[in-house]
Amino acid sequence: MTSTATAGEDEDDAAEAEGEDPVEAEASRVPGVPPDQRPRCRSWARRWADTLVEPERLVEPGARDDSGTAAAPRRAQPLPIRLLVAGLYVQLLAARVWDDDDHSWREDLSGLLDALAFGDGPGDGAAGREAPPETGRRVDAVAAVLMTLLSQDATFTGGGEHDVLAARAWRKHKHMIARADPAEAKDLMLPPEQALARVASWSEVERLVALAEEDDPHAEAIEELSKAGWSVSYEDGIWEVTGSFGNPVPVVARAADRLGRHHTGGVLVRATGRKRWAFAAWAGSGLVLLNSAARAWRTYEVRAPATPESRFADGDLSAVPGLVGAPSPLRSGPPDALRTALAEVSVTYPELMRRLFEDVP
């Protein structure tokens, strides 16, 4: 989960001279937590996280709560306390305090991000704005580390439980991550001393900050597909996804699903694997698929809550529901959904045919 960070070019730098990762060389050591103490640490971390994420509450004199008891004001914890708890939580994750199948820490990290962001925007109170600039830089960097951990084994565009939680936190706090300087939280980029420990490496944090700085609305989708090991490019109306996969159908469906969210008029995607490629055009509820081996258009109706990804996940076209009519030969022209998507990007049908088959002998 760690990778070597790029060292400076100064030949006198001792860390570089010894071939060491400068972040790992300076990082704090991971605390040792005996297995029998892990439940206690988890409980402590959850209590503190719950305390920090409780919203600030101001009450009018004489106000009472639902039980008739005098309502007490609730103040946000001071920013140094929030930073301290966030740092300790990162250390406990590195110490593998949570079991492999226990992902309760994800909700806590999402809450800690909210706690760090309190006072960061208009109407959020004065807690964040009163902090000196150096503290603000620390807040942004720690937030980037928390977001990096939360995004592990998750994507910002998927529909899984972890994906949805990470995407919600990303949308809320992306502006903080974009401001972050990873060097301000290098002490939290801990070495993976425990097997399967949750740690954020320098390269992961740096990549996430770069993603937050992107103005491209497709950036999150491209990041997800790239993390799957595929290359993504766009040229003259057609997205190209390449990789070492065997069956291109699930890949082109997933890519069309993700990238199509930003193309209301339709999207064109080709996925090219080791030996085969597949092409998809998705517009509205219609998805047109071309498998390179079949040389025939297949049109499917895909209506919510189904998605292209869920419909074609198995890659077995004989088992996919929603086929509209019989497959049509290429010479019959574009099906309706394909015609709509082609018009959206000003690509003609003959041009599409040339681009799809120009490399085929």
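The values are calculated or read from the model by the stated rules, or taken from the named source; none is laboratory data. Everything quoted here is computed from the prediction, not taken from an experiment. When we count neighbours, we look across all protein chains shown, and the Cβ atoms used for this are built from the backbone with ideal geometry, even at glycine. Just the protein is used for accessible areas: all its heavy atoms, side chains included, with ligands, DNA and RNA removed. Shrake-Rupley method; radii C 1.70, N 1.55, O 1.52, S 1.80 Å.
Using the Cα gyration tensor of the range 281-342, with a ≥ b ≥ c the square roots of its eigenvalues, what is the shape: rounded (a/c below 1.5), prolate (a/b larger than b/c) or oblate (neither)? Note, shape of the range 281-342 comes out oblate. In this label model, Leu356 and Ile81 are separated by 6.3 nm, measuring between points 7 Å along each Cα→Cβ vector.
Measuring spread by the Cα atoms of the range 199-338 yields a radius of gyration and Dmax of 15.8, 55 Å.
Heavy-atom accessible surface of the range 253-313, averaged per residue, reaches 40 Å², computed with a 1.4 Å probe.
Overall shape: oblate for the range 130-217, with the ratio a/c of the largest to smallest alpha carbon gyration tensor axis at 1.5 or above and b/c at least equal to a/b. Counting protein heavy atoms only, the range 214-361 has 49 percent of its accessible area on carbon and sulfur, 1.4 angstrom probe. Within straight-line reach of Lys275, meaning a Cα separation under 22 Å, sit the following lysines at least 8 residues removed in sequence or on another chain: Lys227. The accessible-area ordering, largest first, of the residues Lys186, Lys174 stands as Lys186, Lys174, per a 1.4 angstrom probe. If the chain linking Asp102 and Arg46 were pulled fully straight, counting 0.36 nm for each residue of separation and taking away their Cα-Cα distance, it would gain 18.9 nm. Taking θ as phi - 60° and the Karplus parameters 6.51, -1.76 and 1.60, the scalar couplings of the range 261-273 work out to 5, 10, 10, 5, x, x, 9, 10, 9, 10, 10, 10, x Hz in sequence order, x denoting glycine and proline.
The shape of the range 184-263 comes out oblate: with a ≥ b ≥ c from the C-alpha gyration tensor, a/c is at least 1.5 while a/b does not beat b/c. Within the range 160-178, what residues put their amide N at less than 12 Å from the label point 7 Å along the Cα-to-Cβ vector of Ser226? Output list for this probe position: empty.
Residues of the range 291-313 with an amide N closer than 17 Å to a point placed 7 Å from the Cα of Ser328 along the Cα-to-Cβ direction: 291, 295-302. Using a 1.4 Å probe on the protein heavy atoms only, what accessible surface does Asp216 show? Give it in Å² to the nearest 10. The value for Asp216 is about 60 Å².
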